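Asks: I'd like to ask some things about the structure below.
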Amino acid sequence: MATNKTWSGTSIDDLYENSGPYSFVYPPVTPSKNHAVLYELPVTLNSPPKPHRSSQTHHWEDNYVKLPYSPQNVFPIENNETGEKILKSRWEIIENSLLQPIKSSHELEAAIKCYNTRLSSFAALHYFFEEVLDEEEGEAFFKTLLPGIVRLALKLPEILPGNLPLLQKQKCSSISLSQLQIASLLANGFLCTFPWRKDVCNTYPGLNFASLTYILAPVGTVTFERKYLQKNQFPRWDKIENNLGNTKVHICSSETIENGHGLLQVDFANKFVGGGVLGYGCVQEEIRFIICPELIVSRLFTEELNSSEALVIIGAERYSNYSGYGDTFAWEGDYQDQTPYDCYGRRKVSILAIDAIKFNKASEQFSTSHMLRELNKAYVGFHSNLTGKLAPVATGNWGCGAFRGDPSLKSLIQLMACSAAKRYMVYYTFGDTDLEKTIYNLYTFIGNNKVTISELWRILCRFVVSNSNQNNFIPYIQQAYFDLHNQPTITQFFSTNSTNNSKN
Ligand code: AR6
C-alpha cells in the first residue's frame, strides 16, 4: 500500500484527546516569594500590562539583575584639566550618547563605546552594514529602527521599575515579564548597556535583533520557570514498573518541534541557555531563540543549568519564518503568531530547555552514569505537579547533533522520562524516515512485550557491561529482553501477538 504518510504510532488528534491543541494545563501566575511578577495583574490584552513597582529597589544587588539605570551604576571619567578620575552616572552617559544622531555603524560603535569600554571588535556589524545590507536598508535602519530601539531601551526605568531576580542554581523559581518589558531589556542588550556581563559583547553581529519591530507594543506576558529536583525526588529507574507501552507515542518525519502546537516543546539547549545565539551558533536552540527572540532575555537572569535542572518558558511569541539549518539558515519573513492566550496573557506555548551531555566518543553515552544523568535531566523537565491534562512532550534527536548522541538511545531515555512524568511523546525525526521506522519498531516491540521502565533500565545498563558495539544497540535491546525472560529466539521481535510474551 503506497502512502505519503509521514508519521507512525498514535495520531496527533488522539494525543490531543480530540479537544484540540490548546486544552492542556498551564501553571498559574501568582506572585509569591518564588515567583516575581513584574507587571500588575490581571492582564487585559488591550494594552501592555502596567509595570509593578517594588517598595524597595534591588537594582544593583547580587541576587538580582543589575539594571543599567541603577544610580549605583557609575563610570569613571577623567577630568580633562586635572586628570583626576570622577565617577559619573553611567545611565546619564548612556542617554547622552544614544540620543545623539547616529547615522552609521561606526557612529553606533563610537556611541556604545562611550559607556562600554569592554567591547572589542564591531567588525561584523560594520561588515553587515557595508557588505550585506543595501544602502536603502541601511538608511532605514538608522532613520527608523535604531531610534525606535534607543527609545525602547531608554524607557527601561519606566517599563521595568521592579526588581528582576536571578534564576539561580538549585532553586525552583519563576519570573513573569510583559512582552514590552522583555523588548526593552532586549533593546538594552542590543545597545550593550549591561556592561557587567561579558556575554553582552556577543550581541554583535546579532542584527537579528533588527527584526524586533515593536512598533505596536505587544500586550502579552511571558513566564520563565527554573525547575530543580533534589536527588531523592527522582524516580528509582531500576524500580518503577510503569508499562512503557501505555505511553502513547506519535513519531513524525515531516514536521518540526516548533510546529508541535500546544505541546511541551523541547529546546535542545546548552547549559548556558541560548547557546550560541548571540555568537555564531545556528542549530535547533539558536534557531528557536532567533524566531522567538523573547527567549533571548532568559540569558540575562538564568544561571547555568546543572544536571538536575531545566528551564520552562511559557508564552514566547514567534516572529519569524525561516528556511534551512546551520549554514543554510535564512530568514523568510514575518510569522504571524496565532497561538491563543491563556488567562494570564501568555501565548499557549511552552518551551522546555534541557541540555544533553556533549559526547566526544560515541561509546561514552552508554555508561550508566551518563544514561542516568540524561534520564534525570529529561525527567526534571517533563515532570509537573499540576493537576489536569498535561501536554505531551514534543521532542526529537535531543543531544544527537552538535552533542553527538545516539537517537535510538535518546528516544528510549525520553520515552522512559515521559512515562514516569505521565506525559505522551511526540518524536520529530527531522526528515529522517528510516529513524521514524526504527523508533516505531522499537516502540512496538516495547509495547507488545509490555516492557517496563525498570526492565528497560536494566537492559540498557547491561549494554554497558557487555561493551557491545554501538551499531548493535537495537538488536541488543531485543535479544537482551528475551534473555531476561529466557525466551529462546529473536524471531518474535515485532510479533503483535502478545500471547507469546512471558508476561501477561
Ligand atoms: N525540530 C525537530 N528536530 C530538530 C530541529 C527541529 N526544529 N532542529 C534540529 N533537529 P542540535 P544538540 C534535530 O544539534 O545535539 C546548540 O548550540 C536534528 O536531527 O541543535 O542537543 C545548543 O546551544 C539535529 O541534528 O542539538 C547546544 O550548545 C538534532 O535535532 C548544542 O547545540 C540535534 O540538534 C546542543 O546540541
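The values are calculated or read from the model by the stated rules, or taken from the named source; none is laboratory data. A quick note: this is a predicted structure, and the numbers were derived from the prediction, not measured. For neighbour counting, all protein chains shown are included, and Cβ atoms are generated from backbone atoms with ideal geometry for every residue, glycine included.
Asks: Using the structure shown, decide if C114 is on the phi < 0 side of the Ramachandran plot, touching a strand residue (DSSP E or B) at 6+ places or on another chain (Cβ under 7 Å) and surrounded by fewer than 19 Cβ atoms within 10 Å (Cβ to Cβ).
Replies: Considered against the rule, which asks whether it is on the phi < 0 side of the Ramachandran plot, touching a strand residue (DSSP E or B) at 6+ places or on another chain (Cβ under 7 Å) and surrounded by fewer than 19 Cβ atoms within 10 Å (Cβ to Cβ), C114 comes out as no.
Table: residues versus (1) touching a residue at least 40 places away in the same chain (Cβ under 8 Å); (2) within 20 Å of L263 (Cβ to Cβ); (3) touching a Leu at 6+ places or on another chain (Cβ under 9 Å); (4) of a type outside the set (K, R).
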position: A394; (1), (2), (3), (4): yes, yes, yes, yes
position: W398; (1), (2), (3), (4): yes, yes, no, yes
position: D406; (1), (2), (3), (4): yes, no, no, yes
position: A421; (1), (2), (3), (4): yes, yes, yes, yes
position: K437; (1), (2), (3), (4): yes, no, no, no
position: T444; (1), (2), (3), (4): yes, no, no, yes
position: I453; (1), (2), (3), (4): yes, no, yes, yes
position: N471; (1), (2), (3), (4): no, no, no, yes
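Asks: Is it fair to say S307 is in a loop (DSSP other than H, G, I, E, B), among the hydroxyl-bearing types (S, T, Y) and within 27 Å of D238 (Cα to Cα)?
Replies: Working: in a loop (DSSP other than H, G, I, E, B): yes; among the hydroxyl-bearing types (S, T, Y): yes; within 27 Å of D238 (Cα to Cα): yes.
The answer is yes for S307.
Asks: In the set L207, L154, which member is modelled with pLDDT of 95 or more, surrounded by fewer than 23 Cβ atoms within 10 Å (Cβ to Cβ) and in contact with a Leu (Cβ under 8 Å, 6 or more places away or on another chain)? Reasoning before the result, please.
Replies: Numbers: L207 fails: modelled with pLDDT of 95 or more.
So the residue among L207, L154 that is modelled with pLDDT of 95 or more, surrounded by fewer than 23 Cβ atoms within 10 Å (Cβ to Cβ) and in contact with a Leu (Cβ under 8 Å, 6 or more places away or on another chain) is L154.
Asks: Take F473 and tell me if it is in contact with a helix residue (DSSP H, G or I) (Cβ under 6 Å, 6 or more places away or on another chain), at pLDDT below 95 and either among the acidic types (D, E) or closer than 20 Å to N397 by Cα (or both). Working first, answer last.
Replies: Details: in contact with a helix residue (DSSP H, G or I) (Cβ under 6 Å, 6 or more places away or on another chain): yes; at pLDDT below 95: yes; either among the acidic types (D, E) or closer than 20 Å to N397 by Cα (or both): yes.
The answer is yes for F473.
Asks: Also, I was wondering about something else. How many residues are more than 23 Å from S178 (Cα to Cα), surrounded by 21 or more Cβ atoms within 10 Å (Cβ to Cβ) and within 12 Å of the ligand (Cβ to nearest atom) when one looks only at the stretch 279-315? It would help to see each step written out before you state the result.
Replies: Taking the stretch 279-315 and keeping what is more than 23 Å from S178 (Cα to Cα), we get 279-284, 304-309.
Next cut, surrounded by 21 or more Cβ atoms within 10 Å (Cβ to Cβ) only: 284, 305, 309.
Next cut, within 12 Å of the ligand (Cβ to nearest atom) only: 284, 305.
Summing the residues that are more than 23 Å from S178 (Cα to Cα), surrounded by 21 or more Cβ atoms within 10 Å (Cβ to Cβ) and within 12 Å of the ligand (Cβ to nearest atom) in the stretch 279-315 gives 2.
Asks: Could you list, in sequence order, the residues of the stretch 239-261 that are under 29 Å from Y325 (Cβ atoms), surrounded by fewer than 22 Cβ atoms within 10 Å (Cβ to Cβ) and either within 16 Å of the ligand (Cβ to nearest atom) or among the acidic types (D, E) (or both)?
Replies: S253, S254, E255, T256, E258, N259, H261
Asks: Would you call R90 surrounded by 15 or more Cβ atoms within 10 Å (Cβ to Cβ), within 30 Å of Y280 (Cα to Cα), among the charged types (D, E, K, R) and touching a residue at least 60 places away in the same chain (Cβ under 8 Å)? Spell out how you get there, then give the answer.
Replies: Values: surrounded by 15 or more Cβ atoms within 10 Å (Cβ to Cβ): yes; within 30 Å of Y280 (Cα to Cα): yes; among the charged types (D, E, K, R): yes; touching a residue at least 60 places away in the same chain (Cβ under 8 Å): yes.
Yes.
Asks: Can you tell which of I93, I77 is among the β-branched types (V, I, T) and under 18 Å from A153 (Cα atoms)? Full working, then the answer.
Replies: Details: I77 fails: under 18 Å from A153 (Cα atoms).
Being among the β-branched types (V, I, T) and under 18 Å from A153 (Cα atoms) holds for just one of I93, I77, which is I93.
Asks: For G276, are the conditions met, namely being touching a Cys at 6+ places or on another chain (Cβ under 8 Å), within 29 Å of P68 (Cβ to Cβ) and within 8 Å of the ligand (Cβ to nearest atom)?
Replies: When the stated conditions are applied, G276 passes them.
Asks: Okay, moving on. Show me the strands (runs of 3 or more DSSP E) entirely contained within the stretch 32-93 in which 1 or more residues are touching a Lys or Arg at 6+ places or on another chain (Cβ under 9 Å) and hydroxyl-bearing (S, T, Y). Please lay out each step first, then the result.
Replies: On the way: elements: 35-37, 74-78, 85-89.
In the stretch 32-93, there are no strands (runs of 3 or more DSSP E) which contain 1 or more residues that are touching a Lys or Arg at 6+ places or on another chain (Cβ under 9 Å) and hydroxyl-bearing (S, T, Y).
Asks: Ok, one more. Can you tell me which residues in the stretch 262-272 are buried (at least 24 other Cβ atoms within 10 Å of the Cβ), near the ligand (Cβ under 8 Å from one of its atoms) and assigned to a loop (DSSP other than H, G, I, E, B)?
Replies: Listed by number, the list is empty, since nothing qualifies.
Asks: Still on this structure, please answer the following. Assess whether R236 counts as being at pLDDT 95 or above and surrounded by 18 or more Cβ atoms within 10 Å (Cβ to Cβ).
Replies: Criteria not met by R236.
Asks: I need every pair where a residue in the stretch 160-177 that is basic (K, R) has its Cβ under 9 Å from the Cβ of a residue that is in a strand (DSSP E or B), sequence separation at least 6 or different chains.
Replies: That search, which allows pairs on different chains as well, returns K169/R226; K169/Y228; K169/E309; K171/R226; K171/Y228.
Asks: A2 is checked against (1) closer than 26 Å to L167 by Cα; (2) modelled with pLDDT under 95 and fails just one. What number does that condition carry?
Replies: A2 satisfies every listed condition except (1).
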